[in-house]
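The block underneath contains the structure these notes are about, expressed in structure tokens.
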């Protein structure tokens, strides 16, 4: 596969093509990969399961070496689809301290940063919209 990116890869069931899709996706699509699940309290308030991450959000690490730790998002790397959290630091062999990159799938949002007016409006718009429920019809008569 010489092609750099194609939307048709997402429809493939092959793991190698799924990985290629995520690695070679343009930044506009990679932004969607940076969504993260909400805590139970926030799910009840906002009636949403997940929201895209922003700097300033408080998150809890659910998986990995740093599971259980919480902190504020300092930096988001769209290119690598990684998130850097305040207080989660490791030491290099030279002795310098470095932020640890974490994948959004291993995180949970505990507090949202609503300083951005546009973000607050979009979240409120989602709350006020009526929830559309799919009704299963009985085809057997």
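The values are calculated or read from the model by the stated rules, or taken from the named source; none is laboratory data. In this text the structure is predicted, and so the values were computed from the model without any measurement. So basically every Cβ, Gly included, is an ideal-geometry build from the backbone, and we count neighbours across all protein chains shown.
Some points to look at:
- If the condition is being closer than 13 Å to residue 109 by Cα, assigned to a loop (DSSP other than H, G, I, E, B) and in contact with a helix residue (DSSP H, G or I) (Cβ under 7 Å, 6 or more places away or on another chain), then the range 14-53 contributes 34, 48, 49, 53.
- Leading residue by the ranking (modelled with the lowest pLDDT) among those in the range 1-13 that are in a loop (DSSP other than H, G, I, E, B) and exposed (fewer than 10 other Cβ atoms within 10 Å of the Cβ): 1
- The residue of the range 74-86 that is surrounded by the most Cβ atoms within 10 Å (Cβ to Cβ), among those that are in contact (Cβ under 8 Å) with a residue 40 or more places away in the chain and closer than 12 Å to residue 53 by Cα, is 83.
- Restricting the range 59-73 to residues that are assigned to a loop (DSSP other than H, G, I, E, B) and touching a residue at least 40 places away in the same chain (Cβ under 8 Å), the residue that is farthest from residue 127 (Cα to Cα): 64
- Of all residues in the range 106-121, those satisfying the criterion of being part of a helix (DSSP H, G or I) and either in contact (Cβ under 8 Å) with a residue 12 or more places away in the chain or touching a helix residue (DSSP H, G or I) at 6+ places or on another chain (Cβ under 9 Å) (or both) are 106, 119.
- Summed over the range 27-44, residues that are more than 16 Å from the chain's Cα centre (by Cα) and either modelled with pLDDT under 90 or surrounded by 14 or more Cβ atoms within 10 Å (Cβ to Cβ) (or both) total 0.
- Failed condition for residue 56, given (1) in a loop (DSSP other than H, G, I, E, B); (2) at negative phi: (2)
- Of the residues screened, residue 89 is not one that is exposed (fewer than 14 other Cβ atoms within 10 Å of the Cβ), modelled with pLDDT under 95, outside any loop (DSSP other than H, G, I, E, B) and more than 19 Å from the chain's Cα centre (by Cα).
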